[in-house]
1. Considering only residues that are of a type in the set (Phe, Trp, Tyr) and facing another protein chain (nearest Cβ under 9 Å), which ones fall in the range A:155-193?
2. Being closer than 18 Å to A:Leu67 by Cα and in contact (Cβ under 8 Å) with a residue 12 or more places away in the chain is the filter; apply it to the range A:300-323 and report the residue that is most open to solvent (accessible area, probe 1.4 Å).
3. Can you name every residue in the range A:7-26 that is out of contact with any Ser or Thr (no Cβ under 9 Å at 6 or more places or on another chain) and within 20 Å of A:Met101 (Cβ to Cβ)?
4. Going residue by residue through the range A:271-281, is there one that turns out to be loosely packed, with under 15 Cβ neighbours inside 10 Å, of a type in the set (D, E, K, R) and within 22 Å of B:Gly52 (Cβ to Cβ)?
5. Give the number of residues within the range A:105-119 that are within 7 Å of chain B (Cβ to nearest Cβ), part of a helix (DSSP H, G or I) and open to solvent by 10 Å² or more (accessible area, probe 1.4 Å).
6. State yes or no: is B:Val209 within 14 Å of chain A (Cβ to nearest Cβ) and either open to solvent by 10 Å² or more (accessible area, probe 1.4 Å) or within 24 Å of A:Glu130 (Cα to Cα) (or both)?
Amino acid sequence: MKIIEEGKGKLIQYSDPFEFREFVHKNKDLSMKEKVMSEKEAIEKFVKDGDYIGTELYGTVRAPMSLIREVIRQGKKNLRVAGQGILEIDLLLAADLVSEMDITYVGYEVYGISNILRRAIESGKVKTVEWSNAAIAWRFKAAAMGVPFIPTFSMLGTDTFKYSAAKIVECPFTKRKVVLLPALYLDVGFIHVHRADKYGNCQIDGISGFAFEFARACKRLIISCEELIDNEEIRKYPERTIIPYYLVDAVVVAPYGSHPGEMCYKYWRDEEHIKEFLELSKDEKKTKEYLDKYVYGVKNHEEYLNLIGKERLEKLSKMIQGR
Amino acid sequence: MNYSETELIICVAARLMEDRKTAFIGTGIPMLAAALAQKLYAPNLVCVFEFGGTGARLEKLPLGVGDSRTFYKGIAASGICDIMETAQRGFIEYGFLGGAQIDMYGNLNTTVIGEYERPKVRLPGSGGANDVGSHCWKTIIIMRQHDKKRFVKKLDFMTTPGYLDGKDSREKIGLPPNTGPYRVISNLGLFGFDEETKRMKIISLHPGVSIEKIIENTDFELIIPKEIEITPEPTEKELKVLREEVDKDRLYI
């Protein structure tokens with residue numbers, strides 16, 4: 001295939017499916033063993049400075065916030081990040097832990113742009129490579145398939161392509177121009193789920209975002225769950241296991257783990273908290289105050305929940321719609 | 001009737017929706033337009049959201065494209081790959097877009113103002129916009145503020161494709177044939193695109209807006225057809241449904 005055009009963005013994470021296979025073969029324990037541990041243990045054990053990390057789904061929706069807060073407490077540095085996010089990415093950026101990003105969207109939807117992202121990028125501190133949202137998801141999909149790239153018609157003709165690390169070739173079958181998206185394997189991924197058993201078999205309610213593809217694209221996968229359930233429950237509904245145990249390296253029990261984001265059928269997003277954060281985030285010093293209070297100021301997720309308060313959390317549970 | 005610019009834009013967008021079609025919905029005005037359309041004009045409009053929600057009844061307005069209201073009483077809750085692949089396979093009729101800048105061919109910028117390397121303003125980025133603009137059959141672009149900083153000759157960054165350089169350039173570059181921007185709705189008027197040149201043209205002026213005012217506030221040359229209509233004002237019924245049913249919590253209006 002002849003390369004017609006190349007994006008000039010850097011390939012932040014080189015991804016070779018055969019290297020991934022070798023990694024899995026050497027490092028992944030395929031036995032059904034218990035993996036329940038604390039946030040602290042999981043991050044200490046599996047996250048290193050300089051790692052390429054990612055989170056699923058995004059900031060205000062089923063996001064692994066308790067894990068991200070622990071990453072920040074441990075001060076893991078020079079992280080390279082797949083940037084589809086809101087609060088989780090903002091917190092990492094505010095704590096100065098990110099060096100490079102494959103970015104598709106960091107913002108607050110209805111509330112507009114992120115001040116923290118603006119400061120990080122406009123100052124030149126964080127380097128970015130552009131992608132569309134589907135492009136990032138399909139890069140995980142290619143990785144999940146165990147192949148080096150996946151073709152698409154997204155990004156053709158735009159600067160989004162020019163500032164990506166994708167390539168345009170002529171399709172050998174149809175002769176059409178297609179964009180080839182390189183597979184994206186993550187060093188460590190974080191997913192928050194509704195239920196998991198102690199081995200890491202996971203169930204998610206509602207939309208699955210990109211959990212299926214993402215879970216299969218991670219060298220190390222840390223799961224946080226609202227609820228730990230018995231393996232017999234998993235076996236009763238095997239069709240509901242979106243992430244099987246062998247993909248998972250750690251299971252962390254974190255009720256309200258997506259706070260201040262929502263968790264469908266469990267609790268609604270904490271609008272008051274999100275607005276407070278957005279207000280503080282306008283100012284660099286006040287952003288640090290937020291981090292001091294809600295991240296560095298608590299030892300673990302339990303202390304964080306105590307700080308938010310039982311009453312507030314119960315109110316959020318009452319606000320969520322049922323089925 | 002008293003109504004705001006936002007309410008007018010929502011009503012104009014809702015009237016564009018056809019019944020028994022699919023629409024890719026983003027946060028904000030598109031959600032309100034779709035919900036209003038469902039109640040008045042297109043009861044069987046199927047709303048599709050980026051992260052997997054399909055066919056929600058929108059009884060409560062979502063605050064984001066992944067929140068639980070995007071699939072509440074919906075017909076499917078899948079994931080982003082499924083939704084984007086559905087668009088790429090040609091199953092999504094309408095797509096909603098917006099941006100900080102738009103040019104005469106309906107190309108959009110949501111990435112940076114200024115130079116890419118050291119931008120004056122870093123915007124959120126493409127998100128699903130590039131995919132919606134590439135794969136949906138007809139995109140509807142909402143621009144709440146019509147001025148020269150936003151309706152520009154040249155974008156600082158082309159995040160999402162419209163008709164690229166006009167004429168057949170969109171197809172030539174390899175994007176799916178017969179797709180592209182269909183309408184632009186601003187606070188001043190409703191716009192379409194010339195069939196041959198693919199340049200933006202005025203379709204109707206919002207009540208009280210003159211052609212001159214639109215020209216003054218647009219940095220590129222618009223096509224001004226001989227016949228230009230006046231956008232019908234929101235009806236009493238539209239406003240009642242919008243205020244009392246669609247956004248009764250006043251999240252957006």
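1. Start the filter on the range A:155-193 by keeping residues that are of a type in the set (Phe, Trp, Tyr), which leaves A:161, A:163, A:173, A:185, A:190.
The answer is A:Phe161, A:Tyr163.
2. First, the residues of the range A:300-323 that are closer than 18 Å to A:Leu67 by Cα: A:300-308.
After this cut, where a residue has to be in contact (Cβ under 8 Å) with a residue 12 or more places away in the chain as well, the list is A:300-301, A:304-305, A:307-308.
Details: A:Asn300: 59, A:His301: 13, A:Tyr304: 2, A:Leu305: 27, A:Leu307: 76, A:Ile308: 18 Å².
Filtering the range A:300-323 for residues that are closer than 18 Å to A:Leu67 by Cα and in contact (Cβ under 8 Å) with a residue 12 or more places away in the chain, the one most open to solvent (accessible area, probe 1.4 Å) comes out as A:Leu307.
3. Step one: of the range A:7-26, the residues out of contact with any Ser or Thr (no Cβ under 9 Å at 6 or more places or on another chain) are A:10-26.
If the condition is that a residue be out of contact with any Ser or Thr (no Cβ under 9 Å at 6 or more places or on another chain) and within 20 Å of A:Met101 (Cβ to Cβ), then A:Lys10, A:Leu11, A:Ile12, A:Gln13, A:Tyr14, A:Ser15 are the ones that fit.
4. No, every residue in the range A:271-281 fails to be loosely packed, with under 15 Cβ neighbours inside 10 Å, of a type in the set (D, E, K, R) and within 22 Å of B:Gly52 (Cβ to Cβ).
5. Here the count works out to 3.
6. Details: within 14 Å of chain A (Cβ to nearest Cβ): no; either open to solvent by 10 Å² or more (accessible area, probe 1.4 Å) or within 24 Å of A:Glu130 (Cα to Cα) (or both): yes.
Criteria not met by B:Val209.
For (1) surrounded by 14 or more Cβ atoms within 10 Å (Cβ to Cβ); (2) touching a helix residue (DSSP H, G or I) at 6+ places or on another chain (Cβ under 8 Å); (3) under 16 Å from B:Ala14 (Cα atoms), each residue gets a yes or a no:
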{"position": "B:Val184", "(1), (2), (3)": "yes, no, yes"}
{"position": "B:Asn187", "(1), (2), (3)": "yes, yes, yes"}
{"position": "B:Phe191", "(1), (2), (3)": "yes, no, yes"}
{"position": "B:Met200", "(1), (2), (3)": "yes, no, no"}
{"position": "B:Asp219", "(1), (2), (3)": "yes, no, no"}
{"position": "B:Ile224", "(1), (2), (3)": "no, yes, no"}
{"position": "B:Glu229", "(1), (2), (3)": "no, no, no"}
{"position": "B:Glu238", "(1), (2), (3)": "yes, yes, yes"}
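Conditions (1) within 9 Å of another protein chain (Cβ to nearest Cβ); (2) in contact (Cβ under 8 Å) with a residue 24 or more places away in the chain; (3) assigned to a loop (DSSP other than H, G, I, E, B), marked per residue:
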{"position": "B:Ile9", "(1), (2), (3)": "no, yes, no"}
{"position": "B:Gly26", "(1), (2), (3)": "yes, yes, yes"}
{"position": "B:Pro30", "(1), (2), (3)": "no, yes, no"}
{"position": "B:Asn44", "(1), (2), (3)": "no, yes, yes"}
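The values are calculated or read from the model by the stated rules, or taken from the named source; none is laboratory data. Predicted model, so just to flag it, every value in this text is computed and none were measured. Positions of Cβ are generated from backbone atoms using ideal geometry, with glycine treated the same way; all protein chains shown enter the neighbour counts. Remember, those area values only see protein heavy atoms, side chains included, never the ligands or the DNA or RNA. Shrake-Rupley method; radii C 1.70, N 1.55, O 1.52, S 1.80 Å.
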